[in-house]
Amino acid sequence: MTNAQAERLFRRAASLAPGSQVVEIGSYRGRSAIVLALAADGHAQVTAIDPHAGNDRGPQQIAGTVSEGESDHRAFLENIGRAGVKDAIRHVRQPSQEALDLVEGDIELLYVDGAHRYGPARKDIERWGARVAPGGHMLVHDAFSSVGVTLAQARLLFAGGRFRYLGRSGSLVDYRRENLESGERLPNAVRQLAELPWFARNLAVKLAILARQPRLARLLGHSHGPWPY
């Protein structure tokens, strides 16, 4: 997560009305959960959902170990404690689809950063997205960067009529829950389709990194970090 992405998350959470609900899918070691809790500042309930099972920890880390998951869990608890927000975050240590019944009511802010393969990403966007209240926001990380997440977006959001695309900060996209009129759906789809060249660039950067061609990656605009987020 970049600073610009953290700022967008912070602004969304800080603008929520008292009594609102924030849900995060995928916490890893707590950075985004801390941002959300600091922004909510007690006026919104923050629920962080992550099984910390060692799997889906990052690029090419679909399968992991129990010890890796336990290490992530300890780091998560230590980090939110160090930030002073441990009591402000409800951690649900379950896979996202198993946690659906553990969160009650509408969600005013949903942050999706779970497993990035198409199937899990589609389920998170579809099932948790259905819980977002009218006027609420759904932010999805690794959009137009991860193949699985982008395919899930294309399937559910490009031509859909329930979420208006508001833009992105890098690979963090921002949607608002609305019932779009028929005449609004095409412009909404076009705005998202216009991001596909940037998606293609990200895929090219990843291929260059996998091929151990850092010079090519730099020529494509990749200037820092191990992966183009």
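Computed quantities for the displayed model
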{"item": "Helical contribution to [θ] at 222 nm, DSSP H n ≥ 4, -39,500 (n - 2.57), averaged over the chain, rounded to 500", "result": "-11500 deg cm²/dmol"}
{"item": "Alpha-carbon Debye profile of the chain, log10 I(q)/I(0) at 0.14, 0.15, 0.16, 0.18 Å⁻¹", "result": "-0.89, -1.03, -1.16, -1.43"}
{"item": "Quarter of Cα convex hull surface for region 78-207, i.e. mean projection, nm²", "result": "9.1 nm²"}
{"item": "Residues whose placed amide H lies under 5 Å from that of His91, excluding near-sequence neighbours", "result": "Ala48"}
{"item": "Listed peptides 42-52, 8-18 by packing density, highest first (mean Cβ within 10 Å)", "result": "42-52, 8-18"}
{"item": "Within the chain, longest stretch clear of exposed GluC sites (Glu not before Pro) (DSSP loop, no more than 12 other Cβ within 10 Å)", "result": "1-103"}
{"item": "Fraction in percent of alpha-carbon pairs per bin - 10 Å, region 11-121", "result": "15, 47, 31, 6"}
{"item": "Volume in Å³ per residue [convex hull over Cα atoms, computed for region 76-147]", "result": "119 Å³"}
{"item": "Alpha-carbon gyration tensor eigenvalues x 5, square-rooted, for region 136-179, Å", "result": "16, 13, 7"}
{"item": "Normalised per residue, the volume of the convex hull around the Cα set of region 141-211 (Å³)", "result": "71 Å³"}
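All of the numbers you see were taken from the coordinates with simple rules; none came from a lab. Since we're looking at a predicted model, the values are computed, not measured. Here the Cβ is made from the backbone with ideal geometry for all residues, glycine too, and neighbour counts use every protein chain on show.
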